[in-house]
Amino acid sequence: MNFLAGKNYQQYVAQDDRQLAVAFFDSLFQSPYEATISLRENTADGLRYLQWTAHALRDEQGSVFSVISIGRDVTQHMTRMNLLQEQAWRDPLTGLANRRHFIDMAEAEITRARRYARPLSLLSLDLDHFKEINDTYGHQAGDSVLQEFAAIVLDIVRDVDIVGRTGGEEFAILLPETDIDAALGVASRLHEALRKSEVTLRSGVSLRFTCSVGAAFLDGTTVTLDDLFEQADKALYQAKHTGRNKTCAAVQGSAVRDAP
């Protein structure tokens, strides 16, 4: 018997939590006699977090004949916790993953790619002459450029790609299921999008900006995230020192070439 189903309780639980709710109450028929769970529920005031403590009442034979449950609204607490969790991994200016969260997600994706022998690439990005923008127009202008750049990057990547702000004006894109040629195609689309974009400051001044890109590919010698960053940064260094506003790619271990 399922008390949730018997009382039509499931219709009030948020869709993603219904299976969890059923398993929780079903567990009371086994052990322990009492358990606690937090569930999201649909209420008249919208989606709320309720913490339920349930106690199973048993007869002399040990069979459950009733369940007493008490719910406590913990929405405010969960909202604060979710906000703190989001702040821990999200860059507050651009909304992208911060460096730590990017690394965590990227390492998990690299493990998957190596296990199943799937292609994977990394793009290391650096805004050109960013210090001059800050020095000339102020940090507010620099912040606007960073936000616009992040929006452009998100517009050209796929949902499965991982984008992070890894430094002041430094960004990275991890591209699962992507070989080096396809990664260079992403970089090319980024350069093209930047050529068409501009940031208008409150003063009315319009700013155009570019970025340099270093690309690296997961292969027999470049097998870890540190390896990928080392190779991509080496290619980025060449792009920055041979004209900027371009992409260079690390190939065959230590070799670096300009992208077409």
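The values are calculated or read from the model by the stated rules, or taken from the named source; none is laboratory data. Quick caveat, the model's predicted, so the values are computed rather than measured. We place every Cβ from the backbone using ideal geometry, glycine too, and count neighbours over all the protein chains shown. Protein only, heavy atoms only, side chains kept; ligands, DNA and RNA dropped before computing areas. Shrake-Rupley method; radii C 1.70, N 1.55, O 1.52, S 1.80 Å.
Key figures for this structure:
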quantity	calculated
Any hit, region 110-122, residues being under 24 Å from His241 (Cβ atoms) and open to solvent by less than 70 Å² (accessible area, probe 1.4 Å)	yes
Long-range neighbours under 7 Å by Cβ, at least six apart or interchain, first residue more than 18 Å from Asp219 (Cβ to Cβ) within region 158-186, second part of a strand (DSSP E or B) and among the basic types (Lys, Arg)	Phe171/Arg165
Positions within region 224-253 being in a loop (DSSP other than H, G, I, E, B) and more than 22 Å from the chain's Cα centre (by Cα), in sequence order	Thr242, Gly243, Arg244, Asn245, Lys246, Gln252, Gly253
Selection from region 126-144 of residues that are among the aliphatic types (A, V, I, L, M) and in a helix (DSSP H, G or I)	Ile133, Ala141
